[in-house]
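Trainee: One structure follows; several queries about it will come next.
The values are calculated or read from the model by the stated rules, or taken from the named source; none is laboratory data. On a predicted model such as this, the values are computed, not experimentally measured, just so you know. In this analysis, Cβ positions are derived from the backbone assuming ideal geometry, glycine residues included, and neighbour counts consider all displayed protein chains.
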């Protein structure tokens, strides 16, 4: 009965999470009709209540809606009309998004070649409320000899005519004055605009007055609106981060205010005095070197439009429901971490302990498992506090950030190595309670369980798992309280099997009874810890130059092994032991000092080799290079075992090699083994906080995120 309840409990959570991932939140229909004597195909979308999709410029995060068309199995291009004007949504962490909710439609031209043909329409989107879910739908519309047809849920023709009439049109004589100044910060511009003879009440509360389309090398920030009551004038400002420093070649912000080449920017305008939105193009040849500071003082005296808008898609009273979804995903992600290769050696040690404790009382088993759980939860609490502090200081960080510190990796490596020597029987580590960690007497000491929980946390954090990415993306971009809640939920998920066996020890009856066979098992576990130490050594030498540290590190490992071997098998004389152990202590100091002083001397790799393919080093400059090639981008790290698995079974495969040669793929690899702010910022734009992460850049510059798992078929699908 107990096993059945546990099975139903776990099945419930997995079913609930699967439903959340696969539920349909967007309906799609298509209708071919005549509008203003034009043959038009209208793609109609209807979002579930309170969910939104994204405009061409999605804002701080998100992905625009996309459509593909096929007729008779061949892809066809349909000229699109300007997209409807978007609304503005304020998401978690004051993230601004531009997009659509409820009913909306996109319009395309239909020509004579589609008469009496079936047109396949594939829609792709990212739909968001409290979580974001990618979606895709395919439908087929039969177009008759009059170029008419319809399929799927539709809006009425009257509403489509009205929506088409309200589409923004490009105009030359605009009604808004724009000027560009140098911002207060380095590599920053400020776009200012002014609208006279208007009223504050005419400004829409759920959309921008000025919404820029995406334009390299400009990174547009949030719109600020101020109102001069006395003069009935609206002032606006949008700060712009200059990303030209990441271009290839580098395009520095000119000190004299004159651009090397004019920059044309397209804007969608929703003017308070006009009934329809419109589009303008503005060409800037230069910017003024002063003015923003003076205007900032002026704006400080004016009324500012409240920017914490509670959009229709996200009522403020829904925070409890929001965080519950992320807690669920964090619990499931933490539970799955138990199966990841990063943490298996330490989980094996804990299972070894469960076998030892199997004959104890329920009370003692509960104590051991709660000690392990305490180690996990306290470690996740410390991680959460660290993330909060680093975020408050302005640092860009991601999941597994602690393994980007060579000093931390070195300390962890030595701890794991010494634990391996302990399991191999070279010494017996006595805990503060007087119990030995290396043999069966450890069963009465809780300190070892606590340490196992700490190590399980540290080794699991470089791993990514299903559901974990969604929870972490939310955590890294939200309030300090929510960071704490999500991290502790991951910890509960990671320790869930041991919480269950603590309260229901009957579950572990299937494990074999303690006996002599456990001595041999200890050697196997010791070997697994050696392999973990080897992995950490690989991580270390990917962030520190091996030529500088290697000889000292190898000597340290050899001396550490010999010191414990000497005490176990040669002599326990106190004087000789002090001398023998002094040597590894000295070399530990030497290695630590070298890591601290030489950490900037990284192992630079301009290219890496996967099979005989040429992987170029990823840089922000590469992203600005638009060619007629598709580009596959692989973000990885030496401490990421999931990355290594994906590389072995996909990127090293002969099928992938053939695909690269056939499609003439350009290959870029970003190594996140050591902290790289550019990689962190790039991933954050796609709501990704860790590796692995894979992207495809199309010849037109469009970037598609493939997520954290890849396959040959997934890559092929996005090369069309």
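Trainee: Within region 74-89, is there a residue that is under 26 Å from residue 280 (Cα atoms) and without any contact (Cβ under 8 Å) to a residue 24 or more places away in the chain?
Mentor: Yes, there is a match, as at least one residue in region 74-89 is under 26 Å from residue 280 (Cα atoms) and without any contact (Cβ under 8 Å) to a residue 24 or more places away in the chain.
Residues checked against (1) within 19 Å of residue 685 (Cα to Cα); (2) not in a strand (DSSP E or B):
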position: 96; (1), (2): yes, no
position: 119; (1), (2): no, no
position: 125; (1), (2): yes, no
position: 130; (1), (2): yes, yes
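Trainee: Can you tell me which of (1) in contact (Cβ under 8 Å) with a residue 40 or more places away in the chain; (2) in a loop (DSSP other than H, G, I, E, B); (3) buried (at least 17 other Cβ atoms within 10 Å of the Cβ) is the one residue 250 doesn't meet?
Mentor: (3)
Trainee: Quick one: in region 689-706, of everything that is over 17 Å from residue 65 (Cα atoms) and out of contact with any strand residue (DSSP E or B) (no Cβ under 7 Å at 6 or more places or on another chain), which residue is surrounded by the fewest Cβ atoms within 10 Å (Cβ to Cβ)?
Mentor: 699
Trainee: If a residue must be farther than 15 Å from residue 64 by Cβ and not in a strand (DSSP E or B), how many such residues does region 80-94 contain?
Mentor: Qualifying residue count for the region: 4.
Trainee: Identify, from the list 272, 262, 277, the residue that is in contact with a helix residue (DSSP H, G or I) (Cβ under 8 Å, 6 or more places away or on another chain) and either over 18 Å from residue 235 (Cβ atoms) or touching a residue at least 12 places away in the same chain (Cβ under 8 Å) (or both).
Mentor: Numbers: 262 fails: in contact with a helix residue (DSSP H, G or I) (Cβ under 8 Å, 6 or more places away or on another chain); 277 fails: in contact with a helix residue (DSSP H, G or I) (Cβ under 8 Å, 6 or more places away or on another chain).
Going through 272, 262, 277 in turn, the sole match is 272.
Trainee: Could you tell me whether residue 481 is at pLDDT 70 or above and exposed (fewer than 15 other Cβ atoms within 10 Å of the Cβ)?
Mentor: yes
Trainee: Another question about this same structure. Hey, any hits in region 192-199 for a residue that's under 37 Å from the mean Cα position of the chain (by Cα), touching a residue at least 60 places away in the same chain (Cβ under 8 Å) and under 22 Å from residue 30 (Cβ atoms)?
Mentor: no
Trainee: Looking at 121, 110, which is the one that is surrounded by 20 or more Cβ atoms within 10 Å (Cβ to Cβ), over 17 Å from residue 35 (Cβ atoms) and at pLDDT 90 or above?
Mentor: Values: 110 fails: over 17 Å from residue 35 (Cβ atoms).
121 is the lone residue from the list that is surrounded by 20 or more Cβ atoms within 10 Å (Cβ to Cβ), over 17 Å from residue 35 (Cβ atoms) and at pLDDT 90 or above.
Trainee: Can you tell me which residue in region 609-634 is nearest to residue 249 (Cα to Cα), limited to those that are surrounded by fewer than 16 Cβ atoms within 10 Å (Cβ to Cβ) and at pLDDT below 65?
Mentor: Result: 626.
Trainee: Given the residues 32, 97, 105, which is the only one that is at pLDDT below 95, in contact with a helix residue (DSSP H, G or I) (Cβ under 9 Å, 6 or more places away or on another chain) and surrounded by 15 or more Cβ atoms within 10 Å (Cβ to Cβ)?
Mentor: Of the residues listed, the single one that is at pLDDT below 95, in contact with a helix residue (DSSP H, G or I) (Cβ under 9 Å, 6 or more places away or on another chain) and surrounded by 15 or more Cβ atoms within 10 Å (Cβ to Cβ) is 32.
Trainee: Scanning region 35-60 for residues that are touching a strand residue (DSSP E or B) at 6+ places or on another chain (Cβ under 6 Å) and not in a strand (DSSP E or B), which turns out farthest from residue 161 (Cα to Cα)?
Mentor: 60
Trainee: Oh, and also: Looking at (1) buried (at least 21 other Cβ atoms within 10 Å of the Cβ); (2) touching a strand residue (DSSP E or B) at 6+ places or on another chain (Cβ under 6 Å), which is the only condition residue 671 fails?
Mentor: Looking at each condition in turn, residue 671 falls short on (2).
Trainee: On to the next question. So which residues in region 545-558 are at pLDDT below 85 and assigned to a helix (DSSP H, G or I), if there are any at all?
Mentor: Residues satisfying the conditions are 546, 547, 548, 549, 550, 551, 552, 553, 554, 555, 556, 557.
Trainee: If you don't mind, another one. Quick one: in region 573-597, which of the residues that are surrounded by 15 or more Cβ atoms within 10 Å (Cβ to Cβ) and within 30 Å of residue 644 (Cα to Cα) is modelled with the highest pLDDT?
Mentor: Filtering region 573-597 for residues that are surrounded by 15 or more Cβ atoms within 10 Å (Cβ to Cβ) and within 30 Å of residue 644 (Cα to Cα), the one modelled with the highest pLDDT comes out as 588.
Trainee: Taking residue 715, is it within 17 Å of the chain's Cα centre (by Cα) and under 26 Å from residue 126 (Cβ atoms)?
Mentor: Answer is no for this residue.
Trainee: Of all residues in region 137-158, how many are modelled with pLDDT of 90 or more and either touching a strand residue (DSSP E or B) at 6+ places or on another chain (Cβ under 7 Å) or closer than 27 Å to residue 101 by Cβ (or both)?
Mentor: 12
Trainee: Which one of 438, 445, 425, 434 is over 14 Å from residue 498 (Cβ atoms), modelled with pLDDT of 75 or more and over 33 Å from the mean Cα position of the chain (by Cα)?
Mentor: One residue alone meets the criteria, 425.
Trainee: What number goes with the only condition from (1) under 30 Å from residue 700 (Cβ atoms); (2) surrounded by 15 or more Cβ atoms within 10 Å (Cβ to Cβ) that residue 292 does not pass?
Mentor: For residue 292, the exception is condition (1).
Trainee: Hey, another quick one. Is there a residue being in a strand (DSSP E or B), touching a residue at least 12 places away in the same chain (Cβ under 8 Å) and buried (at least 19 other Cβ atoms within 10 Å of the Cβ) anywhere in region 146-168? Spell out the reasoning first.
Mentor: Of the residues in region 146-168, the ones in a strand (DSSP E or B) are 149-151.
Checking which are touching a residue at least 12 places away in the same chain (Cβ under 8 Å) leaves us with 149-151.
In the following step, the residues that additionally are buried (at least 19 other Cβ atoms within 10 Å of the Cβ) were identified as 149.
Yes, because at least one residue in region 146-168 is in a strand (DSSP E or B), touching a residue at least 12 places away in the same chain (Cβ under 8 Å) and buried (at least 19 other Cβ atoms within 10 Å of the Cβ).
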